[in-house]
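**Q** I have a structure here, written as structure tokens, and I will follow up with some questions on it.
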Amino acid sequence: MRLRFLCLLVAANCISAFEDHRFQKHFEWNILDFVYPNDESKLQDIMNGKLKPQNALPVGIEFWKDKIFITVPRWQDGIPSTLNYIPFNSDVKNPSLIPYPDFQSNELGNCQEGLSTVYRIHIDQCDRLWVLDTGTFGIEDTTQNVCPYALNIFDLQTDKRIHRYVFRPDDINGQTFIANIAVELGNDCDEGYAYFSDELGYGLIVYSLKDDQSWRFEHSFFMPDPLKGDFNIDGLNFQWGQEGIFGISLSPQQIDGYRTLYFSPLASNREFAISTRILHNPSRVNNSYHEFVVLDERGKDTHTTSRVISNQGIQFFNLIDQNAVGCWDIRKKYAPENIGVVERHPDLIFPADIKIDKNNYLWVLSDRMPKFLLSTLNYSEPNFRLFFAPADALIRNTVCEPTPPPIHVNPSPMALFTRNPNYNVDDEAYLKTIASLILGKQLNFVTVQEDDNTKPVVDINRRIDQI
């Protein structure tokens, strides 16, 4: 396929894009490398086995100003740093990873000051990086718990860790494997909640920043579907039948002041949901079974591990079986006919993580994880890629493109009541509801006849009682 070259102005950096595809490629790596203070220290780590680039796999991404954060779990030895960043506007297509905030803070087994293994991360509106250290080394049967599970929060303005919270023994069990995080803030930076999906221990852990406390929910919806544990990815057939709740995402704030947390087990094609009104209350841990909601299935071959919801209410999620990224407008019924695909491409082999930056660009990291774990990567060709695209452009002409709302709510309450001859009497209850939410008053409307059209309409301009 013929390549064309585009220039990303915000990064002052040229990138390549495939014609007929919406995603643009920002970086790609055959193999990862790390930035060292000097050549001597790097050579020493190579000689003593502390640096083995072939053992490094990127799994998580985040974005802040001129930094792209990339996590590398310590599944094998030779990983000098699990939390890293690269310059956003690097002039090379495969920049080496820079340990964040430094090498010392990434020391394996340093339970008080270091990070052992990090998967996915989150940056909030207060310029803080939320990092869950699993405290592990190895993967599956080789896993060793060298440190306890601990949440670390870094101030990105100072590059200092400002908070550390160690999970309670009751938050985890002997099978716990936490690889995903979602975060929401309250009215200020001191109020916030973090949610962690326990994939193999089948739980959902909630942490309150204000109270500095955590609690754990358990539910049968967190468990895998025994019929959905077979996978075919990158030419490999394998079974991940034990994988439970994995991908989690938060809706925008709703009318009641809470959000909806959507989730899905990895070995499943079905979506589930729960209001954060329930999750915020630790007294509901053992009294919330019927609050969890079952949604529909996405369809065949729709396993997913990572997702994010835009401020506009569009959920984007990876489709790891299809080398694709899907979408769903959360205002529509969750059903196969409302599930769209915004991109499908052979270079999206195992899209491991998905994020939306502050400019509403969707970013996707693909890393060929199954082949890394179950076979052998060819390090003479690109294995890891970072793509991006405007989120609005991705959903254009798909089932995820929002339909125009019946009315536009503007900052001025009076601007809501614009004359529209298309509103019929059936809209009266809807308009009253919207108006009362904005103005805090009950409103009355009258109907009139429009010219020769005998169909009654709501005349918003003629009478609005007691505004």
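The values are calculated or read from the model by the stated rules, or taken from the named source; none is laboratory data. Predicted model, so just to flag it, every value in this text is computed and none were measured. Glycine also receives a Cβ, built like all others from the backbone with ideal geometry; neighbour counts cover every protein chain displayed.
**Q** Tell me, which strands (runs of 3 or more DSSP E) wholly within segment 279-334 include 1 or more residues that are within 28 Å of Ser214 (Cβ to Cβ) and β-branched (Val, Ile, Thr)? Before the answer, list the steps.
**A** Numbers: elements: 293-297, 307-309, 314-319, 324-329.
Strands (runs of 3 or more DSSP E) meeting the threshold: 293-297, 307-309.
**Q** Moving on. Could we say that Ser105 is touching a residue at least 40 places away in the same chain (Cβ under 8 Å), surrounded by 20 or more Cβ atoms within 10 Å (Cβ to Cβ), out of contact with any Phe, Trp or Tyr (no Cβ under 7 Å at 6 or more places or on another chain) and under 27 Å from Pro148 (Cβ atoms) here? Before you say what the answer is, go through the steps one by one.
**A** Numbers: touching a residue at least 40 places away in the same chain (Cβ under 8 Å): yes; surrounded by 20 or more Cβ atoms within 10 Å (Cβ to Cβ): yes; out of contact with any Phe, Trp or Tyr (no Cβ under 7 Å at 6 or more places or on another chain): yes; under 27 Å from Pro148 (Cβ atoms): yes.
Answer is yes for this residue.
Listed here are the residues, each with its yes/no results for (1) assigned by TED's automatic domain parsing to the domain that holds Val364; (2) more than 17 Å from the chain's Cα centre (by Cα); (3) within 30 Å of Asp170 (Cα to Cα); (4) touching a residue at least 60 places away in the same chain (Cβ under 8 Å).
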| site | (1), (2), (3), (4) |
| --- | --- |
| Ser268 | yes, yes, yes, no |
| Phe272 | yes, no, yes, no |
| Ser288 | yes, yes, yes, yes |
| Ile314 | yes, no, no, yes |
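**Q** Out of the residues in segment 114-130 meeting the condition of being surrounded by 15 or more Cβ atoms within 10 Å (Cβ to Cβ) and not hydrophobic (A, V, I, L, M, F, W, C), tell me which one is nearest to Lys358 (Cα to Cα). Give the steps one after another, and end with the answer.
**A** So the first thing to find is which residues in segment 114-130 are surrounded by 15 or more Cβ atoms within 10 Å (Cβ to Cβ), and the list is 114-124, 128-130.
Add one more test, that the residue is not hydrophobic (A, V, I, L, M, F, W, C), and what stays is 114, 116-117, 119-120, 122, 124, 128.
On the way: Gly114: 29, Ser116: 29, Thr117: 27, Tyr119: 21, Arg120: 18, His122: 13, Asp124: 10, Arg128: 14 Å.
Among residues in segment 114-130 that are surrounded by 15 or more Cβ atoms within 10 Å (Cβ to Cβ) and not hydrophobic (A, V, I, L, M, F, W, C), the one nearest to Lys358 (Cα to Cα) is Asp124.
Listed here are the residues, each with its yes/no results for (1) outside any strand (DSSP E or B); (2) among the aliphatic types (A, V, I, L, M).
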position	(1), (2)
Gln112	yes, no
Leu115	yes, yes
Ile121	no, yes
Cys126	yes, no
Val131	no, yes
Asp141	yes, no
Cys147	yes, no
Leu151	no, yes
Phe154	no, no
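**Q** Starting from segment 232-250, keep only residues that are surrounded by 18 or more Cβ atoms within 10 Å (Cβ to Cβ), then list their pairs with residues that are of a type in the set (Asp, Glu) and not in a strand (DSSP E or B) whose Cβ atoms are within a distance under 6 Å, requiring at least 6 positions of separation or different chains.
**A** If the second residue must be of a type in the set (Asp, Glu) and not in a strand (DSSP E or B), the pairs left are Glu243/Glu199; Gly244/Glu199; Phe246/Glu199.
**Q** Further question: Out of all the residues in segment 131-143, is one or more surrounded by fewer than 16 Cβ atoms within 10 Å (Cβ to Cβ) and at pLDDT 95 or above? Don't jump to the end; show me each part of the working.
**A** First pass over segment 131-143, keeping only residues surrounded by fewer than 16 Cβ atoms within 10 Å (Cβ to Cβ): 139-143.
Add one more test, that the residue is at pLDDT 95 or above, and what stays is none.
Taking every residue of segment 131-143 in turn, none turns out to be surrounded by fewer than 16 Cβ atoms within 10 Å (Cβ to Cβ) and at pLDDT 95 or above.
**Q** If you don't mind, another one. Could you pull out the residue among Val325, Val342, Val308 that is under 21 Å from Gly203 (Cα atoms), at pLDDT 95 or above and either aliphatic (A, V, I, L, M) or not assigned by TED's automatic domain parsing to the domain that holds Ile61 (or both)?
**A** Details: Val325 fails: under 21 Å from Gly203 (Cα atoms); Val342 fails: under 21 Å from Gly203 (Cα atoms).
Just a single option satisfies the conditions, and that option is Val308.
**Q** Please go through segment 73-99 and give me each residue that is outside any strand (DSSP E or B) and in contact with a Lys or Arg (Cβ under 8 Å, 6 or more places away or on another chain), ordered by number. Steps first, please.
**A** Residues of segment 73-99 that are outside any strand (DSSP E or B), as a first pass: 73-82, 88-96.
Residues satisfying the conditions are Gln76, Asp77, Gly78, Ile79, Pro80, Thr82, Phe88.
**Q** Kindly state which strands (runs of 3 or more DSSP E) lie completely within segment 191-234 and contain at least 2 residues that are of a type in the set (Val, Ile, Thr) and farther than 25 Å from Thr143 by Cα.
**A** Working: elements: 192-198, 203-208, 213-217, 230-233.
In segment 191-234, there are no strands (runs of 3 or more DSSP E) which contain 2 or more residues that are of a type in the set (Val, Ile, Thr) and farther than 25 Å from Thr143 by Cα.
**Q** Looking at Ala150, Ala179, can you tell me which residue is at pLDDT below 95, of a type outside the set (Asp, Glu) and crowded, with 16+ Cβ neighbours inside 10 Å? Step through it out loud before you land on a result.
**A** Working: Ala150 fails: at pLDDT below 95.
Being at pLDDT below 95, of a type outside the set (Asp, Glu) and crowded, with 16+ Cβ neighbours inside 10 Å holds for just one of Ala150, Ala179, which is Ala179.
**Q** Scan segment 316-325 and tell me whether some residue there is in contact with a strand residue (DSSP E or B) (Cβ under 9 Å, 6 or more places away or on another chain) and loosely packed, with under 15 Cβ neighbours inside 10 Å. Can you show your working first?
**A** So the first thing to find is which residues in segment 316-325 are in contact with a strand residue (DSSP E or B) (Cβ under 9 Å, 6 or more places away or on another chain), and the list is 316-325.
After this cut, where a residue has to be loosely packed, with under 15 Cβ neighbours inside 10 Å as well, the list is none.
There is no residue in segment 316-325 that is in contact with a strand residue (DSSP E or B) (Cβ under 9 Å, 6 or more places away or on another chain) and loosely packed, with under 15 Cβ neighbours inside 10 Å.
**Q** In addition: Please verify whether Ile70 is touching a Pro at 6+ places or on another chain (Cβ under 9 Å), part of a loop (DSSP other than H, G, I, E, B) and either modelled with pLDDT under 95 or crowded, with 21+ Cβ neighbours inside 10 Å (or both), treating the condition exactly as stated. If you could, list the steps in order and put the result at the bottom.
**A** Details: touching a Pro at 6+ places or on another chain (Cβ under 9 Å): yes; part of a loop (DSSP other than H, G, I, E, B): no; either modelled with pLDDT under 95 or crowded, with 21+ Cβ neighbours inside 10 Å (or both): yes.
Considered against the rule, which asks whether it is touching a Pro at 6+ places or on another chain (Cβ under 9 Å), part of a loop (DSSP other than H, G, I, E, B) and either modelled with pLDDT under 95 or crowded, with 21+ Cβ neighbours inside 10 Å (or both), Ile70 comes out as no.
**Q** I'd like to verify a number: residues in segment 344-365 that are in contact (Cβ under 8 Å) with a residue 40 or more places away in the chain and in contact with a Pro (Cβ under 9 Å, 6 or more places away or on another chain), how many? Steps first, please.
**A** Of all residues in segment 344-365, those in contact (Cβ under 8 Å) with a residue 40 or more places away in the chain come to 345, 347-360, 362-365.
Then drop every residue that is not in contact with a Pro (Cβ under 9 Å, 6 or more places away or on another chain), which leaves 347, 349-350, 352-353, 359-360, 362, 364-365.
Summing the residues that are in contact (Cβ under 8 Å) with a residue 40 or more places away in the chain and in contact with a Pro (Cβ under 9 Å, 6 or more places away or on another chain) in segment 344-365 gives 10.
**Q** Another question, if that's okay. Quick check on my filter: what residues within segment 386-401 are touching a helix residue (DSSP H, G or I) at 6+ places or on another chain (Cβ under 9 Å) and charged (D, E, K, R)? Walk me through how you get there before you give the answer.
**A** From segment 386-401, those touching a helix residue (DSSP H, G or I) at 6+ places or on another chain (Cβ under 9 Å) are 399-401; that's our starting set.
Passing the criteria: only Glu401.
**Q** Within segment 47-66, restricting attention to residues that are free of Cβ contacts under 8 Å to residues at least 40 places away in the same chain and not in a loop (DSSP other than H, G, I, E, B), which residue is farthest from the chain's Cα centre (by Cα)?
**A** So, considering only residues that are free of Cβ contacts under 8 Å to residues at least 40 places away in the same chain and not in a loop (DSSP other than H, G, I, E, B), the one farthest from the chain's Cα centre (by Cα) is Met47.
**Q** Identify, from the list Glu113, Glu107, the residue that is in the same structural domain as Ser366 (by TED's automatic domain parsing) and in contact with a helix residue (DSSP H, G or I) (Cβ under 7 Å, 6 or more places away or on another chain).
**A** Glu113
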